[in-house]
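A quick write-up on the structure given underneath.
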């Protein structure tokens, strides 16, 4: 594979059979490397290896078998790419291409091995990666030699760390757990050393090329040198499309335009032909459609990129991803998300950060905690371009319900601000309720009565309901339509017969019924607001009375404590 590979090339799939590709051969390789001897020497059971060290050798064998064949498959794909040049010369990889194959082999080995080792013993805490002067010479070898030399290095690493540990391990159980944890540490640190080459070093262009190709190794799908489970979704977006959004046209069009501009980023030159403001900010009341609009833009962005063979990712920032009770941890997690998951991704990236105003307090508050200051600094770094370059490789949609931020914060975030209103006209409300929310049961809701639907749209405008409120009304209507008892014949019927029975038994809803439900919802909401306002008023009065009584009591006690001079 050349550094300018294309997604038009065939997919690379390595799916091991039930008995592996060559487990006996890899088992011999691991034995000859000295790793098995090192484990046996350091944790010896009465009759050979301990159960735990045997399991560690088994997972090393399985992972080595997968990595070896993944490296060979990548080598074959690269030779195929070289042969496409049309010359009659025998394909011969360059030094960088051999380095790339070795790095991919190690990446697959570590990605497969580390979770298995973590299931055998606790995961050690690591503070740095390995510093290896000869890493290029190792990775330029053929995949089989890479796996064998890495296993040999792991064995020597175990011996060194066991000597440093000294006599602190008295029992075999303690030693075997220590050895498995040390193996984890070695391969995790080696993976980190390789990542410096693949994400920031000379192999980065190969990662970009690799991300444009479908690569599946075992249960993992590779996007560049980063892997995710095949069953894991590409994004955590809701399955909504642009056509599902009613209203918010200006906001939507700005987001779609920004998505297309980011998709046009040149991954090889690492620059955009346009100068972009990557942040789109929306302000609107709860339920106005901010979230569904952002998710629709995200899905549009991913589809747009996929159709044009552009590697893309879309990340939704959730408070649970970064918020921590530990001092300084939240800001560090935020920085890690944006630097590693977003900007270091070998492709273009979109981000949605809902309710961004909750990420920090106003700096005007005299009670701003250190944690909030650090969060604010991290967020400012994102918007100022000091944390991530504003180079067109990424964009972010963020929103808030209320503008409860100081001027400095607003000036950074709201560089491209929009007021998100949701549906505003009778036609908007009809499209939302009838054409989107009730389209699956529309035949039972006076579908052809256009004047009646206009009355419904006008009633919704007058009530000034949010899209979320309209969705609640639609849910009530659907529940009524499909509220019927199942006949005994239903449970013996085929799916098609069940669908026919459902249509037959579903109840009809008139326009007046829908209007009645809108009116009921509005009255219920109004009464709830009035109850909440009365309860709030009662609480405030009670607090004032308690404060007044406390003041009177304090005055009385002070007066009693005064001693008058004799006279």
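The values are calculated or read from the model by the stated rules, or taken from the named source; none is laboratory data. All values derive from a computational prediction rather than experimental measurement. As a convention, Cβ positions derive from the backbone with ideal geometry for all residues, glycine included, and neighbour counts pool all protein chains shown.
Identify, please: which residue in segment 13-43 is part of a loop (DSSP other than H, G, I, E, B) and in contact with a helix residue (DSSP H, G or I) (Cβ under 7 Å, 6 or more places away or on another chain) and is, among those, nearest to residue 152 (Cα to Cα)?
34
Here is a check on your reading of the model: is residue 319 more than 21 Å from the chain's Cα centre (by Cα) and under 17 Å from residue 397 (Cα atoms)?
no
Please work out which residue is farthest from residue 297 (Cα to Cα), limiting yourself to segment 243-284 and to residues that are assigned to a helix (DSSP H, G or I) and in contact with a helix residue (DSSP H, G or I) (Cβ under 7 Å, 6 or more places away or on another chain).
263
Can you tell me which condition residue 282 does not meet? The list is (1) farther than 27 Å from residue 472 by Cβ; (2) surrounded by 15 or more Cβ atoms within 10 Å (Cβ to Cβ); (3) at pLDDT 85 or above, and all the others hold.
Here residue 282 meets the rest and fails (1).
Give the residues of segment 155-199 that are over 33 Å from the mean Cα position of the chain (by Cα), surrounded by 19 or more Cβ atoms within 10 Å (Cβ to Cβ) and under 28 Å from residue 70 (Cβ atoms), sorted by residue number.
Residues satisfying the conditions are 155, 157, 158, 179.
For residue 274, work out the one condition from (1) crowded, with 17+ Cβ neighbours inside 10 Å; (2) on the phi < 0 side of the Ramachandran plot it doesn't fulfil.
It is condition (1) that residue 274 fails.
All but one of (1) in contact with a strand residue (DSSP E or B) (Cβ under 8 Å, 6 or more places away or on another chain); (2) surrounded by fewer than 22 Cβ atoms within 10 Å (Cβ to Cβ); (3) in the same structural domain as residue 315 (by TED's automatic domain parsing); (4) more than 28 Å from residue 105 (Cα to Cα) hold for residue 236, so report the exception by its number.
Failing condition for residue 236: (3).
Results for (1) more than 24 Å from residue 226 (Cα to Cα); (2) crowded, with 19+ Cβ neighbours inside 10 Å; (3) assigned by TED's automatic domain parsing to the domain that holds residue 174, shown as yes or no for each residue.
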| position | (1), (2), (3) |
| --- | --- |
| 31 | yes, no, yes |
| 45 | yes, no, yes |
| 53 | yes, yes, yes |
| 70 | no, yes, yes |
| 75 | no, yes, yes |
| 99 | no, yes, yes |
| 115 | no, no, yes |
| 123 | no, no, yes |
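With the checklist (1) out of contact with any helix residue (DSSP H, G or I) (no Cβ under 7 Å at 6 or more places or on another chain); (2) within 30 Å of residue 162 (Cβ to Cβ); (3) modelled with pLDDT of 85 or more in hand, flag the one item residue 46 doesn't pass.
(3)
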